[in-house]
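The values are calculated or read from the model by the stated rules, or taken from the named source; none is laboratory data. Keep in mind the model is a prediction, meaning the values are calculated, not measured. Here Cβ is always computed from backbone atoms with ideal geometry, including for glycine, and neighbour counts include all displayed protein chains. Only protein heavy atoms, including side chains, enter the accessible area calculation; ligands, DNA and RNA are left aside. Shrake-Rupley method; radii C 1.70, N 1.55, O 1.52, S 1.80 Å.
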Amino acid sequence: MAVTLQPVSENKIGVLGLGRLGSAIVNQIAASSQLDAEFSCWDCAPELEKAELIGFQITHGLSCRSQQEIGKSIFLIEQERVKSWLSNKELVIVTGSCAGGFAGGFMTELAQMAKHDGVSLIAYPVMPFAFEGRKTMDAAKLCLGRLREFSLAAATLELDDYLERIPETTPATEAIDLCVADMTHAIDTLLQLILREGLFAFNIEILKNTFNLGIDKSILLCKTAKPEEAVEDVVNALVEQADAKLPDRELTIDRLMITVLGDDNLSLSDVNQINEKISERFGNPDKSHFGACIDSRMSGLKLIVYACIGLGDQFELGAISEEKSNEAPVKTVARKASRKTKPKKRRTSRAKIKDDQGLFDIIMSESNRGYFEDTDLNLIDGEDMDVPTYLRRGLRIKT
Amino acid sequence: MAGSKIIGALEIGTSKISVLVAEVIDAYRLNIIGRATVANTGIKKGRIEDPRAVSRCLHEAIAEAEKVSGINLKSIYLSISGSHLQGRKQIGKAQISHMAKLVTEHDVNRANEEAKRHAIDEGRVYVQFMRNPYLIDGSPVDEPYSCKGSEIQANYWAVDADEGILKEPIQVINSFMVKVDEIFLGSIASAQSVATDDEKAAGLLVIDIGAGTTDYVLYHDRYVLQTGVFDIGGDHITNDLSIAFRIAWESAENIKIQHGKAIASGTSSEDWVWMMGDLSIGDRKLPLRSIQRIINSRLEELFMMVRRSVIDVIEQQDMQCKVVLCGGVTNMTSIETLASNVLKMPVTVGRNPDWLIPELQKPELSTVVGLLQFAFADASGDIKDEPKSKGGLLGKVSSFLTR
């Protein structure tokens, strides 16, 4: 259980939108947010969205055409600019399309640099539609794998989920708009929590899980009291709320995420005392995550308790896997159920059209594994090492 | 051969299988009486993909070595590689029980047992424990006996492997009625051949770049501080060329060997090479600079990965580390220059011992030669030369065979 006593300051947070989708999200947050974080949008082909042009030497203002290698190359030539942007940050939130040529390629390199420079990075990538084809999806998964490797948390939204919410005759761009709205809300909420509630004092890895849960499967409590009273109050309230929210008693409280906020009088022994009591009440300390933060604006001790419910043993905290999704099973179950009720004829037909037209052909595809085609993926830092280096690095080779 | 002992070393590499058979005459004299190197098929990235093909090649290699030496090989030392091998530092502590606070054998044993007792995942087995200096109340000592203190800490670099993958070569070898005496990591065996004890004491990184895998081992004070394996090797260079120019694997391999260079310099965009060189139908010109850039990008990436893996330990130990390269890929022109540029350390290409015949001094035979040296040390009873990297795996291997 990690106890950290360092809140993050508002002006050391950077929110970066990459590509057209990422820029749309960050522009919306910037327009509505009252926070003093630094909002930036970068794109290699800025059109409607307000974004800074980047990588002009390579793309000359055109898009990367889904080729993530170009996005990586742009990062290479813009390294100094990125480094300078990162230099005064403690936390960076980055968003963009995982399958985008610019955003997908650039985001992974940015995450790697942030990790190297000791800047915490939370990624909010958007996964593509299934009808964009297997190659696009594979590229997005590779990108996501790398993000999970290098970032503190990577919470994804999948465009397919939004496709189910719109009528079949409506263009898929509406699904993207819905996704943008949700992502805007998610990032804005995260910023509020970090800055107003000191959530960053957690081992921030848990954010990934919190935001993958869905709001109906988690409980947020705030209690203000002295340590000895607050614990009992919080425990009782938590049980009550769990009963109210989840009448199905087969679902049990499986994981606790707790942060303690206090004024200058908050001591480590107070924090430990609270930690012990909550651990006693809810059992397995391996499934609790505890953090603390001192905020001089606070008067008295405040507890914020997140309880994640019904996750079961299938959920591995922080597990990084290329093959299986890192989402909470509860969410997966919900999705499976909705897929059952709504067969995706439309997606299949679109997939066929798109695949036939070869519109989503990208460099990092399985066909580039050559001699190693039939062997297991050779993944290191999210990259398949069996794919030629010059392709992954975007080197121009005269053949 | 009366009074002498026969030893054997076997490396099942991705591109070739090498066998050495030798006669141990006494503690100082070794007579290599049989050798065979057979091109291997059926292995990719150090992993057996086609057991039948590997079995066929292995049979050919063993038969040839036996034919040359005129003896039936009974047992061998085997090298292993592949990214399924995972190493980690393990420590064990024990309070010193002696009244006068002098370290006894009992204390050392307890610390050792504690260090080796760490649980590993199901389906994995320990393959090698390499001892690092003991700590007596935090101070490092080589020989802890009779030192004074209150606590002893044993430190090991432990390597474990996937049990299923480890069994594959052993089962193939057993099918020829040949027993596996000991297993050594490929990197440790190569280092035994190409590096001296003095180099290991001063700080040395040995990188063995084979066809399918790249193994490395980091030494300091003669202790193994770290080992590692990447499933990347010369085959990847061939594959990169094959994909880039859309040419057959064999053609790409030839180009790599004939025109490969690790540094893309000294050529202009007007330099071309012929793919086959006989101007026959299908022969075509390929840009030399592109060939070199493809090779350069792959090798540069590989060395960067090795550097990222070891740099923390090197900086922590504050050591002036040298690098020795071995393995077949080190035949590539200018590879030491590239390695030196990327690793930022002095680099040399390793040479097998001078007492070997020229055919056995090739860098691609470092592993099997090193294995033979280990076998010789054990057989001659002179095990003082390598006390720290001694595997002691016989029991584990035997238990495999009886399963």
#### Entry: Residue among A:K50, A:K83 that alone is open to solvent by 10 Å² or more (accessible area, probe 1.4 Å), under 17 Å from A:E38 (Cβ atoms) and either in a loop (DSSP other than H, G, I, E, B) or β-branched (V, I, T) (or both)
A:K50
### Message
Regarding the stretch B:97-119, can at least one residue be identified that is touching a residue at least 60 places away in the same chain (Cβ under 8 Å) and open to solvent by 80 Å² or more (accessible area, probe 1.4 Å)?
### Response
no
### Query
Could you say which residue among A:E149, A:E132, A:E109 is under 19 Å from A:G17 (Cβ atoms) and open to solvent by 10 Å² or more (accessible area, probe 1.4 Å)?
A:E109
### Query
Which is open to solvent by less than 20 Å² (accessible area, probe 1.4 Å), within 12 Å of chain A (Cβ to nearest Cβ) and of a type in the set (G, A, S), of B:A262, B:A252, B:A195, B:A189?
B:A252
### Query
Which is away from chain A (no Cβ under 14 Å) and either among the basic types (K, R) or free of Cβ contacts under 8 Å to residues at least 40 places away in the same chain (or both), of B:I91, B:I33?
B:I33
### Task
Enumerate the pairs (first residue in the stretch A:61-74 and in the same structural domain as A:A103 (by TED's automatic domain parsing); second residue anywhere and in a loop (DSSP other than H, G, I, E, B) and open to solvent by 20 Å² or more (accessible area, probe 1.4 Å)) with beta-carbon separation below 6 Å, excluding pairs fewer than 6 apart on the same chain, so at least 6 apart or on different chains.
A:S66/A:F360; A:Q67/A:I363; A:E69/A:I363; A:E69/A:G394; A:I70/A:G394; A:K72/A:G394; A:S73/A:G394
### Query
If you scan the stretch B:172-181, which residues turn out to be open to solvent by 10 Å² or more (accessible area, probe 1.4 Å), touching a helix residue (DSSP H, G or I) at 6+ places or on another chain (Cβ under 8 Å) and either more than 24 Å from B:D231 (Cβ to Cβ) or without any contact (Cβ under 8 Å) to a residue 24 or more places away in the chain (or both)?
B:N174, B:S175, B:F176, B:K179, B:D181
### Query
Out of curiosity, is B:D318 away from chain A (no Cβ under 14 Å), free of Cβ contacts under 8 Å to residues at least 24 places away in the same chain and open to solvent by 10 Å² or more (accessible area, probe 1.4 Å)?
yes
### Task
Might you check whether a residue that is closer than 19 Å to A:S84 by Cβ, modelled with pLDDT of 85 or more, open to solvent by 10 Å² or more (accessible area, probe 1.4 Å) and in a strand (DSSP E or B) occurs anywhere in the stretch A:26-39?
yes
### From B:E336, B:E315, residue being over 22 Å from the mean Cα position of the chain (by Cα) and part of a helix (DSSP H, G or I)
B:E315
### Query
Is the stretch B:11-21 home to any residue that is closer than 20 Å to B:V159 by Cα and in a strand (DSSP E or B)?
yes
### Query
If B:L218 passes every condition in (1) away from chain A (no Cβ under 14 Å); (2) open to solvent by 20 Å² or more (accessible area, probe 1.4 Å); (3) among the hydrophobic types (A, V, I, L, M, F, W, C) but one, which one does it miss?
(2)
## Note on the structure
Here the residues within the stretch A:120-153 that are touching a residue at least 60 places away in the same chain (Cβ under 8 Å) and assigned to a strand (DSSP E or B) are A:S120, A:I122, A:Y124, A:V126
### Message
Considering only residues that are within 14 Å of chain A (Cβ to nearest Cβ), touching a strand residue (DSSP E or B) at 6+ places or on another chain (Cβ under 7 Å) and not β-branched (V, I, T), which ones fall in the stretch B:221-232?
### Response
B:G228, B:F230
### Task
Give the residues of the stretch A:364-382 that are more than 9 Å from chain B (Cβ to nearest Cβ) and either modelled with pLDDT of 75 or more or crowded, with 20+ Cβ neighbours inside 10 Å (or both), sorted by residue number.
A:M364, A:E373, A:L377, A:L379, A:G382
### Query
In this structure, is B:A154 open to solvent by 40 Å² or more (accessible area, probe 1.4 Å), within 28 Å of the chain's Cα centre (by Cα) and small (G, A, S)?
no
#### Entry: One residue from B:I33, B:I62 being closer than 22 Å to B:G328 by Cα and either crowded, with 16+ Cβ neighbours inside 10 Å or among the polar types (S, T, N, Q) (or both)
B:I62
### Task
Would you tally the residues in the stretch A:165-177 being touching a helix residue (DSSP H, G or I) at 6+ places or on another chain (Cβ under 9 Å), surrounded by fewer than 17 Cβ atoms within 10 Å (Cβ to Cβ) and either aromatic (F, W, Y) or under 16 Å from A:G96 (Cα atoms) (or both)?
1
### Message
So in the stretch A:60-75, with the set limited to residues that are of a type in the set (S, T, Y) and part of a loop (DSSP other than H, G, I, E, B), which one is nearest to A:E383 (Cα to Cα)?
### Response
A:S66
### Query
Does B:M304 satisfy the condition of being at negative phi, in contact with a helix residue (DSSP H, G or I) (Cβ under 6 Å, 6 or more places away or on another chain) and either part of a loop (DSSP other than H, G, I, E, B) or touching a residue at least 24 places away in the same chain (Cβ under 8 Å) (or both)?
yes
### Message
Whether any residue in the stretch B:233-243 is free of Cβ contacts under 8 Å to residues at least 12 places away in the same chain, within 13 Å of chain A (Cβ to nearest Cβ) and charged (D, E, K, R) is what I want to check.
### Response
no
